[in-house]
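The values are calculated or read from the model by the stated rules, or taken from the named source; none is laboratory data. Since this is a predicted model, take the numbers as computed values, not measurements. Please note: Cβ atoms are built from the backbone with ideal geometry, for glycine as well, and neighbour counts cover all protein chains shown.
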């Protein structure tokens with residue numbers, strides 16, 4: 001998942017907002033920049049994923065008093081996931097940021113993901129992810145948050161298109177419900193090698209969207225590949241509005257532990273964006 005570039009409240013690391021008297025800007029780097037594709041760990045399988053992102057050219061001002069600016073920051077999280085059934089996965093995140101040679105913790109996130117079984121083998125797939133966060137004052141103006149992330153996707157042997165129409169909710173006096181949709185289109189070049197585009201946005205509070213200049217719109221060129229038993233997602237992003245970080249590098253590295261007593265094919269499944277079109281080389285699912 002999980003995660004996207006988010007709004008003022010969110011699971012972010014930094015934004016480009018203005019402080020007193022200046023117009024609010026919305027963009028900042030997130031610990032998880034990812035479009036969910038409904039692939040999950042096999043039942044009984046553990047996976048570990050490291051998200052790591054670098055903002056080369058970002059916002060120079062913090063999103064709120066006491067926050068910190070995204071420019072030249074490193075943001076990331078280890079993600080520990082477990083496949084409960086063939087349609088349910090749970091996970092724990094431990095987000096962090098590095099800014100001015102200081103390591104900052106953003107407490108933790110818990111998520112539960114429900115998807116169509118065998119989604120990696122389907123032409124049409126869907127799901128929904130719920131992610132609860134406990135956040136620190138440097139990262140958000142609310143202590144608790146909830147992300148609701150629907151997953152809708154279509155694919156064939158060569159192409160994949162996915163939409164995540166995300167609602168990001170902050171609880172408390174400064175909380176709001178923001179609309180932060182994301183999308184992905186990818187093309188298979190060869191076995192275990194994919195290229196594509198990913199789009200992330202933050203439109204602001206539902207019912208009171210920000211002006212275009214104060215919204216976040218970021219486009220990433222991405223690739224997915226395998227290095228031994230590790231799945232890798234790598235991307236370079238460019239912000240399209242003044243509120244967006246201008247230059248961001250994102251990376252995701254995942255490893256799926258074998259399931260005791262299972263066959264190799266089942267044990268090789270990994271959650272998240274890794275090998276997003278594994279169905280193309282697998283037996284077609286027959287409903």
Of (1) at pLDDT 95 or above; (2) not in a loop (DSSP other than H, G, I, E, B), residue 120 satisfies all except one. Which?
(1)
Can you pull out the residues in the range 85-105 that are in a strand (DSSP E or B), without any contact (Cβ under 8 Å) to a residue 24 or more places away in the chain and in contact with a strand residue (DSSP E or B) (Cβ under 9 Å, 6 or more places away or on another chain)?
90, 92, 103
With 221, 256 as the choices, which residue is within 21 Å of residue 76 (Cα to Cα), loosely packed, with under 15 Cβ neighbours inside 10 Å and in contact with a strand residue (DSSP E or B) (Cβ under 7 Å, 6 or more places away or on another chain)?
221
Index of the failed condition, residue 211 passing every other in (1) under 24 Å from residue 155 (Cα atoms); (2) at pLDDT 95 or above; (3) surrounded by fewer than 19 Cβ atoms within 10 Å (Cβ to Cβ):
(1)
Looking at the range 74-84, is at least one residue more than 26 Å from residue 247 (Cβ to Cβ) and either in contact with a helix residue (DSSP H, G or I) (Cβ under 7 Å, 6 or more places away or on another chain) or in a loop (DSSP other than H, G, I, E, B) (or both)?
no
Out of 251, 244, sole residue that is in contact (Cβ under 8 Å) with a residue 12 or more places away in the chain and assigned to a loop (DSSP other than H, G, I, E, B)
244
Going by the structure shown, is residue 62 farther than 18 Å from residue 233 by Cα and either assigned to a strand (DSSP E or B) or at pLDDT 90 or above (or both)?
yes
